[in-house]
Amino acid sequence: MRIYQHALFLALAFLAGCGGTGSPTAQDATAFIAEAESKSNDLWHEMAQAQWIASNFITEDSEAVSAAATRRAIEYGVTLAKESARYDGVEVADDVRRKLNMLKTGLTLATPADPAESKEATEIAARMEGIYGRGAYCPGDPKPCLDINEITRIMGESRDNAELLDVWQGWRTVSPPMREDYTRFVELSNKGARELGFADTGAMWRSKYDMPADEFSAELDRLWEQVRPLYLSLHAYVRTKLQQRYGVDVVPSDGPIPAHLLGNIWAQDWSNVYPLVAPAGADPGYDLTRILKSRNTDALQMVRYGEGFFTSLGFEPMPATFWKRSLFVKPQGREVVCHASAWDVDNVDDLRIKMCIEINAEDFSTIHHELGHNFYQRAYNQQPLFFRDSANDGFHEAIGDTIALSITPEYLKQLGFINTTPDASKDIGLLMQRALEKVAFLPFGLLIDQWRWKVFSGEITPEQYNQAWWDLRLKYQGIAPTGARSDAEFFDPGAKYHVPANVPYTRYFLAAILQFQFHRSLAEAAGCPATGDTPLHRCSIYDSKQAGDKLNAMLQMGASRPWQQALEQITGSREMDATAIRDYFAPLQAWLDEQNAGKTVGW
Ligand code: X8Z
Ligand code: ZN
């Protein structure tokens, strides 16, 4: 194993032209980075092509090819991470130093140096994603199997407690087979992270935020404390309303909400229970899902609307290849990973989305989310390869969501979807719809990696995976499963895409905070607050070149600067700050607190 590492080390030193003798110079570092960017470019391209095929045609072979290409790219990345340490004491240009740091901290999966273990880790990763992608609930004859889209639809539309519980439990039959793989994956990825000098994989994940890892964790706690009162108010109100619908035997007055009653497989987005909690007299009076369906909008048109928003801000349309190569509709006769994603296959302009679009408001919003990734990717494609990324991963997730905050009644009127906009008396209804999506998400966005970080550190052992998962679900979300979810039988974390796919999740929590900061600044650029009483939730930046320019200036920076600087560029502040989301929802919180008077808040 040592010999293998050493051989790679020498090969790389030779390629980078820094020889084997003497101490490395700044020039050596520059040459090292140039070589690394050039070679990474090809390896990343091959990996993305292989992964695209594996996600669009799930077979044993596509999985194997994807695992092999991923392995080549990661092993090279691990070599580079180790090599970077050679330049620790060398004085180098700022951009070279930043790239060296990125090489050390940038991997999501570090494979161990042992070739057999490296192979095993990448094969497990590909297999788990395949299992998830193929996942279905098969209740047994004569009932047909249900795929994730069908289960999603039932979870959103049904109000039948037994049916909801059945499909909720049904989806969780896909994950127990992953449990052993996941356990081994944690071991292997930790081993790789330790070989790079990290305590474990979680520590590696926390190291890439332009601040010490411990400070980053403290930042998360701070942000969560800022938004927790808002979440508690929403939780208490929704609990009351669900109790009115399902009865006191099903929904307690002062305990956690049953996890299957919130309109979503994972209870991460509660938009679908809006009809059950709509404020009497303040309903905005339109339903975007119904509008899209009644207009016979198809998947392609949904994406066109999304693109149209970005072009209205001054961005160039997506390239022809985007329309040719993307997947918008779930295909017949083959298995695909339906979880929505955006791709930058060649790191220049081979941009694509992959999504099994359903015609509804949720997917309308998700399309904007995905396109946000693609427009970001194209905006930074003039940067050197290692800077073709977002300021931090939360920024990447926040861009499309920021745009989706501009899907306001005023915007829908401009599209011709509605004739008149609801008056100010309907504001609580509008805010409620948004809160069910954004505020409900906050604890979920946080807890996935609270679980994973403890799993990687060993604080949660494999025998406690499920118990610890539900402990965190209770602690942060105030939800609980109906029926026992013992570790002997279940592996519920595996039923959430990002766990088997090994995608870090804290980024979505950050994005949920950041998007309100971005929206507030862009709204100002677009002139909303200046035009009088337009509250932020009524402000759409549609068609504003000023907002577009401001956004683009940040997007083009890519990862070339610490995220604090990118944030300052757009908001004038260097701090992530939950006052933007708190202020946005302040009228709703006041209203919720009136409704909750005399009731238990919390669980
Ligand atoms: O995974 C996603 C996107 C792709 S980056 C569809 N999201 C998270 C999720 O679905 O769990 C967006 C919101 C949170
Ligand atoms: Zn995303």
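The values are calculated or read from the model by the stated rules, or taken from the named source; none is laboratory data. Computed from a predicted model, the values in this text were never measured in an experiment. Virtual Cβ from ideal backbone geometry, glycine too; neighbours counted across all protein chains shown. SASA here: full protein model, heavy atoms, side chains in, ligands and nucleic acids out. Shrake-Rupley method; radii C 1.70, N 1.55, O 1.52, S 1.80 Å.
For this structure, a couple of remarks:
- Residue match in region 311-322 (condition: within 16 Å of ligand 2 (Cβ to nearest atom) and either on the phi < 0 side of the Ramachandran plot or not hydroxyl-bearing (S, T, Y) (or both)): no
- Leading residue by the ranking (nearest to ligand 2 (Cβ to nearest atom)) among those in region 454-470 that are open to solvent by 30 Å² or more (accessible area, probe 1.4 Å) and on the phi < 0 side of the Ramachandran plot: K454
- Residue identified as more than 15 Å from ligand 1 (Cβ to nearest atom) and crowded, with 19+ Cβ neighbours inside 10 Å among A424, A391, A440, A404: A391
- Any hit, region 176-188, residues being open to solvent by less than 10 Å² (accessible area, probe 1.4 Å), touching a strand residue (DSSP E or B) at 6+ places or on another chain (Cβ under 7 Å) and at pLDDT 95 or above: no
- So A340, is it open to solvent by 10 Å² or more (accessible area, probe 1.4 Å) and either under 28 Å from E437 (Cα atoms) or hydroxyl-bearing (S, T, Y) (or both): yes
- Yes/no for G156 being in contact with a Phe, Trp or Tyr (Cβ under 7 Å, 6 or more places away or on another chain) and not in a loop (DSSP other than H, G, I, E, B): no
- In region 471-490, the qualifying residues are those that are more than 21 Å from D249 (Cβ to Cβ) and outside any helix (DSSP H, G or I), and the one that is most open to solvent (accessible area, probe 1.4 Å) is E489.
- Taking the criterion of being in contact with a strand residue (DSSP E or B) (Cβ under 8 Å, 6 or more places away or on another chain) and either more than 12 Å from ligand 1 (Cβ to nearest atom) or open to solvent by less than 10 Å² (accessible area, probe 1.4 Å) (or both), the residues of region 343-355 that qualify are D344, V345, D350, L351, R352, I353, K354, M355.
- Selection status of F456, closer than 30 Å to L103 by Cα, among the hydrophobic types (A, V, I, L, M, F, W, C) and within 14 Å of ligand 1 (Cβ to nearest atom): no
- When restricted to residues that are closer than 14 Å to D28 by Cα and among the aromatic types (F, W, Y), region 74-119 contains 1.
- When restricted to residues that are within 30 Å of A162 (Cβ to Cβ), within 16 Å of ligand 1 (Cβ to nearest atom) and open to solvent by less than 10 Å² (accessible area, probe 1.4 Å), region 491-526 contains 8.
- V303 vs. criteria crowded, with 23+ Cβ neighbours inside 10 Å and either among the β-branched types (V, I, T) or more than 21 Å from the chain's Cα centre (by Cα) (or both): yes
- One residue from E358, E362 being touching a Ser or Thr at 6+ places or on another chain (Cβ under 9 Å), open to solvent by 30 Å² or more (accessible area, probe 1.4 Å) and either within 16 Å of ligand 2 (Cβ to nearest atom) or of a type in the set (F, W, Y) (or both): E362
- Among the residues of region 57-80, those identified as open to solvent by less than 30 Å² (accessible area, probe 1.4 Å), touching an Asp or Glu at 6+ places or on another chain (Cβ under 9 Å) and part of a helix (DSSP H, G or I) are S66, A67, A69, A73, V78.
- Among the residues making up region 108-143, those that are under 22 Å from A81 (Cβ atoms) and open to solvent by 30 Å² or more (accessible area, probe 1.4 Å) are T108, D114, P115, A116, E117, K119, E120, E123.
- Output for region 527-571, where each listed residue is in a loop (DSSP other than H, G, I, E, B) and farther than 16 Å from F395 by Cβ: G527, C528, G532, D533, T534, P535, C539, S540, I541, Y542, D543, S544
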